[in-house]
Ligand code: SAH
């Protein structure tokens, strides 16, 4: 499914993702139309591939962003609370914030201070109101421990590959919440895992193979 949903504009890219069946819900389509990837990717923003953003980080490929939003879309309802771990360029944080609306909240956590700033600048280009209203909160910190909030998160997206299921983050899911997380230590194959919380029960489902940059320490990433 990779590498083929290219476009000359954001709209063309989103239409290509929809035509390929990678976007199926109207809300995900609307969010990806509303957030222009051109504000977030330094070059070839509408090409369906990851792009380097410095500090050994990448903005994830469009089809992977679409896939994550599709997996989470029922949990990114109006007024929902969401966590974006490894917010990097800020793209997915902004798209999630568009989906949860003004009554919702998205916390983006990123451990490279320059990327926190980059994410903020990118979001400011067309969605500064989401920062000013507090709908988006960008924090510098270790995403492996998340940022606990009252009642937990309805949706958690982890944008970097964890060596094992990050239990600290699982514990921050609200009842009925869902997390998607790439898990594995290989740089060539990781499993994209979905975890659903129902009361005290956690249901885990292995979805498909993916390749993400590692969820690691700052020192290790910058080495
Ligand atoms: N989702 C973002 C970035 C994906 S790259 C986007 O699409 O633009 C993965 C990001 O995770 C990088 O920005 C990297 O710096 C960050 N990251 C890796 N380990 C982390 C950790 N322990 N805590 C917070 N962020 C981390």
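Rule-based calculations on the coordinates, nothing more; no lab input. If you're wondering where the values come from, they're calculated on a predicted model, not measured in any experiment. Don't worry about glycine lacking a Cβ; one is built from the backbone with ideal geometry, like all the others, and counts go over all protein chains shown.
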Task: Euclidean distance between Cα centres, segment 25-47 to segment 121-157, Å - done: 18 Å
TODO: Please build a GNM for the chain, connecting alpha carbons under 10 Å apart, and tell me which residue among 193, 109, 123 fluctuates the most.
DONE: 193
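Over the chain, what is the mean sequence separation of C-alpha contacts under 8 Å (at least six apart), divided by residue count, expressed as relative contact order in percent?
Values: 492 pairs, mean separation 34.0, N = 223.
Result for the chain is 15 percent.
Quick check on the exposure proxy: order 185, 60, 216, 164 from fewest to most C-beta atoms within 10 angstrom. Write down the numbers at each step before the final one.
Values: 185 11, 60 28, 216 20, 164 8.
Listed from fewest to most nearby Cβ atoms, that is 164, 185, 216, 60.
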Task: Residue-averaged 222 nm ellipticity for the chain, from DSSP H runs of 4+ at -39500 (n - 2.57), nearest 500 - done: -9000 deg cm²/dmol
Task: Residues of segment 4-45 with amide N under 15 Å of a point placed 7 Å along Cα→Cβ from residue 194 - done: 22-25, 28
Task: Residues residue 207 and residue 175, FRET efficiency given R0 of 22 Å [Cβ-Cβ distance, rounded to 0.05] - done: 0.50
TODO: Mind sorting 5, 135 by how few other Cβ atoms lie within 10 Å of their own Cβ, fewest first?
DONE: 135, 5
Open item on the list: Springs between alpha-carbon pairs under 10 angstrom, Gaussian network model over the chain: which of 97, 61, 155 fluctuates most?
Closed with: 61
Open item on the list: Relative to 2.2 N^0.38 Å, what does the C-alpha radius of gyration of segment 160-223 come to as a ratio? Two decimals please.
Closed with: 1.19
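Rounded if a/c is under 1.5, else prolate if a/b is larger than b/c, else oblate: which is the chain, with a ≥ b ≥ c the root eigenvalues of its Cα gyration tensor? Show your work: numbers first, answer last.
Details: a/c = 1.20, a/b = 1.15, b/c = 1.04.
Verdict is rounded for the chain.
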Task: Choice from 179, 32, 64 with maximal GNM fluctuation in the chain (Cα, 10 Å cutoff) - done: 64
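Explain nothing, just the number: relative contact order of segment 19-105, from Cα pairs under 8 Å at least 6 residues apart, as a whole percent.
31 percent
Residue 142 to residue 186: extension gain in nm, 0.36 nm per residue of separation minus the Cα-Cα distance? Can you show the working numbers first?
On the way: separation 44, 0.36 × 44 = 15.84 nm, distance 2.11 nm.
Extra length from residue 142 to residue 186 when fully extended: 13.7 nm.
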Task: Label-point gap, in nm, between residue 165 and residue 12 - each point 7 angstrom along Cα→Cβ - done: 4.3 nm
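Work out the P(r) tail for segment 5-136: percent of alpha carbon pairs separated by more than 20 Å, whole number.
Values: 3291 of 8646 pairs.
Here the tail beyond 20 Å accounts for 38 percent of pairs.
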